[in-house]
Amino acid sequence: MSRRWMLLAAVPFVLPTGCGRAPPAAPPASPYDYALDGKATLNGVEVPIGMIRDGDLEGLRAAGALPDPAAGAPASGEGAAALDPDGDAPLPNETPAAPATGFYALQTQRLDGTPVALARWAGRVTLVVNTASECGLTPQYEQLEALHDRYAAGGRFEVLGFPCNQFGGQEPGTPEDIASFCSSRYAVTFPLFAKCEVKGDDQSEVFAYLTRDFPEPEWNFRKYLVGADGTVLTSFDPPTRPDAPEVVSAIEAALGG
């Protein structure tokens, strides 16, 4: 063997780590890019921010950051003493938020802020949903649009979306951001309205009416089914998919089979 080859043979040769494989790709940018080990405060309770990001309702309830919907909300007059021991202040939902014509007598705003009367949907069955663009439940937009496509023919049914930023700050965008996201990501064609408060002191008229006899939203994507006469018929909790059998059967019953 020549001297040159003897020298090369004496030099140890170590393959570099990962040789022959492409370097791992950097994770894509995402609106859900939170620090998983970070903390956030929700309703005065510190919880992992990943729990908020993923819409882990059971975990948030167990931590005491969300109320247990099984406990329900006090009906008008029921539990009034606990809320108002002197009995001299009306409960927020004690007075009907609309005349006898119901939900469709209310006024609200379109996503762009222009006023609109819900009377334009009177005579239709509607599914009213508080929505958000950066929630673990955001893919429900796809099922909501499918429901809209399935039942809206003939003008008998409509999904009405009300963006809200109250839960984990998961709807932070401008009206233009929301419209662009819903259109480009989920091809949403049903009406979207101005961002609003769905609970608390600044609760919108729409949700004050919806929650007279049903729970307030405890997270994004609570669904309220409203009959053609403006009566609120039932409500479905956030994790219930819009295309779940119980939702579909309730819509079909409201439509008259």
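Taking Gly230, is it touching a residue at least 24 places away in the same chain (Cβ under 8 Å), in a loop (DSSP other than H, G, I, E, B) and closer than 15 Å to Leu106 by Cβ?
yes
Among the residues that make up the stretch 165-179, is at least one of them of a type in the set (A, V, I, L, M), assigned by TED's automatic domain parsing to the domain that holds Thr131 and over 16 Å from the mean Cα position of the chain (by Cα)?
There is no residue in the stretch 165-179 that is of a type in the set (A, V, I, L, M), assigned by TED's automatic domain parsing to the domain that holds Thr131 and over 16 Å from the mean Cα position of the chain (by Cα).
Looking at Val188, Val232, which is the one that is within 18 Å of Cys135 (Cβ to Cβ) and not aromatic (Phe, Trp, Tyr)?
Being within 18 Å of Cys135 (Cβ to Cβ) and not aromatic (Phe, Trp, Tyr) holds for just one of Val188, Val232, which is Val188.
Kindly indicate which of Gly154, Gly161, Gly113 is among the small types (Gly, Ala, Ser) and more than 25 Å from Val232 (Cβ to Cβ).
Step by step, each of Gly154, Gly161, Gly113 is checked, and only Gly113 is among the small types (Gly, Ala, Ser) and more than 25 Å from Val232 (Cβ to Cβ).
Here are Val188, Val247, Val198, Val226: which of them is in contact with a His (Cβ under 9 Å, 6 or more places away or on another chain) and of a type in the set (Val, Ile, Thr)?
The conditions single out Val188.
Take the stretch 138-169 and flag every residue that is over 13 Å from Ile251 (Cβ atoms) and either in contact with a strand residue (DSSP E or B) (Cβ under 6 Å, 6 or more places away or on another chain) or surrounded by 21 or more Cβ atoms within 10 Å (Cβ to Cβ) (or both).
Selection gives Thr138, Gln140, Tyr141, Leu160, Gly161, Phe162, Pro163, Cys164, Phe167, Gly168.
One line per residue, one yes/no per condition, for (1) farther than 30 Å from Gly44 by Cβ; (2) in a strand (DSSP E or B); (3) free of Cβ contacts under 8 Å to residues at least 60 places away in the same chain:
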residue: Gly136; (1), (2), (3): no, no, no
residue: Glu142; (1), (2), (3): yes, no, yes
residue: Ala146; (1), (2), (3): yes, no, no
residue: Asn165; (1), (2), (3): no, no, yes
residue: Pro172; (1), (2), (3): no, no, yes
residue: Ala179; (1), (2), (3): yes, no, no
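From the list Glu216, Glu246, which one is among the acidic types (Asp, Glu), in the same structural domain as Thr126 (by TED's automatic domain parsing) and touching a residue at least 12 places away in the same chain (Cβ under 8 Å)?
None of the others qualify; the one that does is Glu216.
The values are calculated or read from the model by the stated rules, or taken from the named source; none is laboratory data. Given the structure is predicted, the values throughout are model-derived calculations rather than measurements. Ideal geometry is used to build each Cβ from the backbone, glycine not excepted, and the neighbour counts take in all protein chains shown.
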